[in-house]
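K.L.:
The following block contains the structure, expressed as structure tokens.
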Ligand SMILES: [Zn+2]
């Protein structure tokens, strides 16, 4: 279901009437080893307020205290009267001018150091490139709701290429948004990247890459293009104006933890983009897995906004687990894996990996609060959520006689959150009620038992369409297979 054209017209006209301009001017000073910084000047409207607040970032993935990355503040038209970990407070002194100018320098915490798992989401500035999230680059006045943004790269080293979630090769970006989170959840890079571009459904997709890999850049780029194409076909979503992908090399720390050794590549799905980091030894299959997962976040976690976890609701199991499930299905559909490999991965990497983990039955909130302790704890949400996705997909297919499936549920959730300020955490009842409609019964008890409490789902609890089989292995762990007795079982299962 999509909103009517009338709804869109009303939405757009009210939006443009109240859009507020923000102008960022960026200068990069990477050459001076001791003084590498990104200098930003922000011009913004006070709209009659005498006291203005500018938000500061806190945690960005594993990077904590991101508010500490700024120095050399100054304001034209006002003065800073307070600063804490969440915001700066400015008193306006200039009465006549409609705007104020705020200057800040971003000092990356890891200048000259290699990119690692734990610092990858921090601003990275090296002699040859910069790589920074919108969260860090753009400080935003809290009195703004609708944003009309202009970004100007006034000074960057000669020869540096520019690419971000909106464009490539241009020193000016302009965009509008009514969602602060959307445009903060972006990526901005400049430097000596090797850059590749092509169109998918007539819309540009750009790949910026550094480092030395076991494969040609074009091999990776072709995988990216095929992934974009298959996923946009699946979501019937071909009008995404621009898409940016980046890959930068990443090093194991001098004293790698078990987790560091387990995760030789990683990434983050962002707005109209995803970013990846990898050790040079990484194999092609790991990249295929990573690209498919991160791109799926364009929808699951992006347009389907799960919201910010509260003390009682944490939906990372939904975002990461459903993303894993649909990325796996996409890999099968795109021909990146065979049917046998698909079921092997589901059975090994999800069922067996979770059910044999010492943390298998940790309650959801406990697992989440401890997620940075180890790779196994971090993976709980992915594995448990993926198994939940499989469970509900099968149950919905069975109940609807194959007319509905989990993808229909996701589309309903997307209609509810996309382009609105609604999200699934704040509207958790909506999530449960929508799931109930497809599932055919109230899933509250199920969610409580198998997600909140984290109990293992026994193999006998699955509700199956006739073309799937779930049986217990010798350790009692559920294993999924196609029912070969049913003609066209694979096609039936692959249909969304
Ligand atoms: Zn993810």
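The values are calculated or read from the model by the stated rules, or taken from the named source; none is laboratory data. Just so it is clear, the structure is predicted and the values come from calculations on it, not from any experiment. Glycine gets a Cβ as well: all are built from the backbone with ideal geometry, and neighbour counts include every protein chain shown.
K.L.:
Considering 418, 382, 375, which residue is surrounded by 16 or more Cβ atoms within 10 Å (Cβ to Cβ) and at pLDDT below 95?
P.N.:
The unique qualifying residue is 418.
K.L.:
Let me ask you something else. Touching a strand residue (DSSP E or B) at 6+ places or on another chain (Cβ under 6 Å), assigned to a strand (DSSP E or B) and without any contact (Cβ under 8 Å) to a residue 40 or more places away in the chain - does that describe any residue in the stretch 207-215?
P.N.:
For the stretch 207-215, residues touching a strand residue (DSSP E or B) at 6+ places or on another chain (Cβ under 6 Å), assigned to a strand (DSSP E or B) and without any contact (Cβ under 8 Å) to a residue 40 or more places away in the chain: present.
K.L.:
May I ask you to list the residues in the stretch 93-131 that are surrounded by 20 or more Cβ atoms within 10 Å (Cβ to Cβ) and not in a loop (DSSP other than H, G, I, E, B)?
P.N.:
If the condition is that a residue be surrounded by 20 or more Cβ atoms within 10 Å (Cβ to Cβ) and not in a loop (DSSP other than H, G, I, E, B), then 100, 102, 104, 106, 124, 125, 129, 130, 131 are the ones that fit.
K.L.:
Is it fair to say residue 335 is more than 15 Å from the ligand (Cβ to nearest atom), out of contact with any strand residue (DSSP E or B) (no Cβ under 9 Å at 6 or more places or on another chain) and either within 21 Å of residue 423 (Cα to Cα) or part of a loop (DSSP other than H, G, I, E, B) (or both)?
P.N.:
yes
K.L.:
Looking at residue 326, is it over 28 Å from residue 257 (Cβ atoms), away from the ligand (no atom under 16 Å from the Cβ) and modelled with pLDDT of 95 or more?
P.N.:
no
K.L.:
Within the bounds of the stretch 132-139, is there any residue that is part of a strand (DSSP E or B) and either under 16 Å from residue 43 (Cβ atoms) or at pLDDT below 90 (or both)?
P.N.:
no
K.L.:
Identify all residues within the stretch 19-29 that are at pLDDT below 90 and under 28 Å from the mean Cα position of the chain (by Cα); write none if there are none.
P.N.:
19, 20
K.L.:
Suppose we filter the stretch 33-62 for residues that are modelled with pLDDT under 95, in contact with a helix residue (DSSP H, G or I) (Cβ under 9 Å, 6 or more places away or on another chain) and not in a loop (DSSP other than H, G, I, E, B); how many remain?
P.N.:
So the answer is 2.
K.L.:
Follow-up question, since we're still on this one. Residues in the stretch 140-163 that are in contact (Cβ under 8 Å) with a residue 12 or more places away in the chain and in a loop (DSSP other than H, G, I, E, B): how many?
P.N.:
The total comes to 9.
K.L.:
Of the residues 361, 373, only one is more than 16 Å from the ligand (Cβ to nearest atom), more than 29 Å from residue 212 (Cα to Cα), under 22 Å from the mean Cα position of the chain (by Cα) and assigned to a loop (DSSP other than H, G, I, E, B); which?
P.N.:
When all the criteria are applied, what remains is 373.
K.L.:
In contact (Cβ under 8 Å) with a residue 60 or more places away in the chain, in contact with a helix residue (DSSP H, G or I) (Cβ under 8 Å, 6 or more places away or on another chain) and surrounded by fewer than 20 Cβ atoms within 10 Å (Cβ to Cβ): does that describe residue 339?
P.N.:
Spelling it out, residue 339 is indeed in contact (Cβ under 8 Å) with a residue 60 or more places away in the chain, in contact with a helix residue (DSSP H, G or I) (Cβ under 8 Å, 6 or more places away or on another chain) and surrounded by fewer than 20 Cβ atoms within 10 Å (Cβ to Cβ).
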